[in-house]
1. Out of Asp40, Asp92, report the one residue that is in contact with a strand residue (DSSP E or B) (Cβ under 9 Å, 6 or more places away or on another chain), more than 18 Å from Leu248 (Cβ to Cβ) and crowded, with 24+ Cβ neighbours inside 10 Å.
2. Kindly indicate which of Gln53, Gln62 is in contact (Cβ under 8 Å) with a residue 40 or more places away in the chain, touching a His at 6+ places or on another chain (Cβ under 7 Å) and surrounded by 14 or more Cβ atoms within 10 Å (Cβ to Cβ).
3. Suppose we filter Gly138, Gly99 for residues that are open to solvent by 10 Å² or more (accessible area, probe 1.4 Å) and more than 17 Å from Ser61 (Cα to Cα); which single one remains?
4. So which residues in region 188-204 are over 26 Å from Trp231 (Cα atoms) and open to solvent by 50 Å² or more (accessible area, probe 1.4 Å), if there are any at all?
5. Identify all residues within region 223-244 that are more than 16 Å from the ligand (Cβ to nearest atom) and open to solvent by less than 10 Å² (accessible area, probe 1.4 Å); write none if there are none.
6. What do you reckon, is Glu122 open to solvent by 10 Å² or more (accessible area, probe 1.4 Å) and either on the phi < 0 side of the Ramachandran plot or within 16 Å of the ligand (Cβ to nearest atom) (or both)?
7. Just checking, how many residues over region 142-156 are near the ligand (Cβ under 9 Å from one of its atoms) and open to solvent by 20 Å² or more (accessible area, probe 1.4 Å)?
8. Taking Leu79 as meeting all but one of (1) free of Cβ contacts under 8 Å to residues at least 60 places away in the same chain; (2) part of a helix (DSSP H, G or I), write down the number of the exception.
Amino acid sequence: MPSDADKLLEDIAARLPEAKRFELAKTREGRSVHGIRIGDENAPHQAWIGSRQHAWEAGGSQVGRGFITWYASDEAKTLRAKTCLHYIPIMDVDNAAIGAGGKEALPLDHNRDWDAKSIYPEVAAAQRMIHDIHAKHGLDVFIDLHNPGADDPIFFFGPFAFERMTGIQQRNYQRWIDLAAASIIEPLKVQSNYRFATYVTSEEERGRMSSGWVRANTGDSTISVTLETGWNSSLMSVEGYGKVGAGLGRALAAYIEENPRRK
Ligand SMILES: [Zn+2]
């Protein structure tokens, strides 16, 4: 629920002096889309993590809750000191508020609205902020959390061009999946290879997905992926999702520790 997400952000802001809540946008129906920034704006590393572009994928928010709770803990101190994180717990607040699905919504799915003429104010605002962060400081990591398929394992969708990548790009995407595989181990291991969202068949549509738009609008050292979890399993409970989220945090810490901008 949007009210639960707001409460979580309030708690974290109360705990961490370096945290600042912000309103990403007002939705088409006038609701607030909230986010939190943790860390110095000018920090050497920058990350953006969000969930619920698909309103019904509640497990995505639970992974996010596990992640941000870990991020606010003592274990994440070193990571926090050198990173500015932006975290958005619920993107499609309008559908989440009324309990609607959101996936393949009309006139447009939120995760197909990432182009120059976005119709959702929260998508347009995220694009503007990510653009700005990248222009000023460089974006290191973008992760969108999803929870689409009943029997899905835990896995990352990677960039379609992964096999053809070279240099820093190839190194960083490979390091990410290796470190994630070592860190996301409970309640199930994340798959150690990327999957690719081949069900989206046109380049044009791929470009309108958040991960594709971010890749097209950031740099060679940026990684942009989605983390997918399933739900039809007793392991995929609030507690289980929380562990996945904490593992995601540990993967991020290990990844940033290596300095993805190194030559
Ligand atoms: Zn989704």
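1. Working: Asp40 fails: crowded, with 24+ Cβ neighbours inside 10 Å.
Result of the check over Asp40, Asp92: Asp92.
2. Details: Gln62 fails: touching a His at 6+ places or on another chain (Cβ under 7 Å).
Matching residue, one of Gln53, Gln62: Gln53.
3. On the way: Gly99 fails: more than 17 Å from Ser61 (Cα to Cα).
Exactly one of Gly138, Gly99 is open to solvent by 10 Å² or more (accessible area, probe 1.4 Å) and more than 17 Å from Ser61 (Cα to Cα), namely Gly138.
4. The first filter runs over region 188-204 and keeps only residues over 26 Å from Trp231 (Cα atoms), leaving 202-204.
Within region 188-204, Glu203, Glu204 qualify.
5. Ile223, Gly240, listed by residue number.
6. Working: open to solvent by 10 Å² or more (accessible area, probe 1.4 Å): no; either on the phi < 0 side of the Ramachandran plot or within 16 Å of the ligand (Cβ to nearest atom) (or both): yes.
Considered against the rule, which asks whether it is open to solvent by 10 Å² or more (accessible area, probe 1.4 Å) and either on the phi < 0 side of the Ramachandran plot or within 16 Å of the ligand (Cβ to nearest atom) (or both), Glu122 comes out as no.
7. Quick first cut of region 142-156, residues near the ligand (Cβ under 9 Å from one of its atoms) only: 144-148.
Within this subset, residues satisfying the condition of being open to solvent by 20 Å² or more (accessible area, probe 1.4 Å) are 148.
Result for region 142-156: 1.
8. Only one criterion in (1) free of Cβ contacts under 8 Å to residues at least 60 places away in the same chain; (2) part of a helix (DSSP H, G or I) is unmet by Leu79, namely (1).
The values are calculated or read from the model by the stated rules, or taken from the named source; none is laboratory data. Not measured: the values here are computed from a predicted model. Because the Cβ atoms are built from the backbone with ideal geometry, glycine has one as well, and the counts that use them run over all protein chains shown. Protein only, heavy atoms only, side chains kept; ligands, DNA and RNA dropped before computing areas. Shrake-Rupley method; radii C 1.70, N 1.55, O 1.52, S 1.80 Å.
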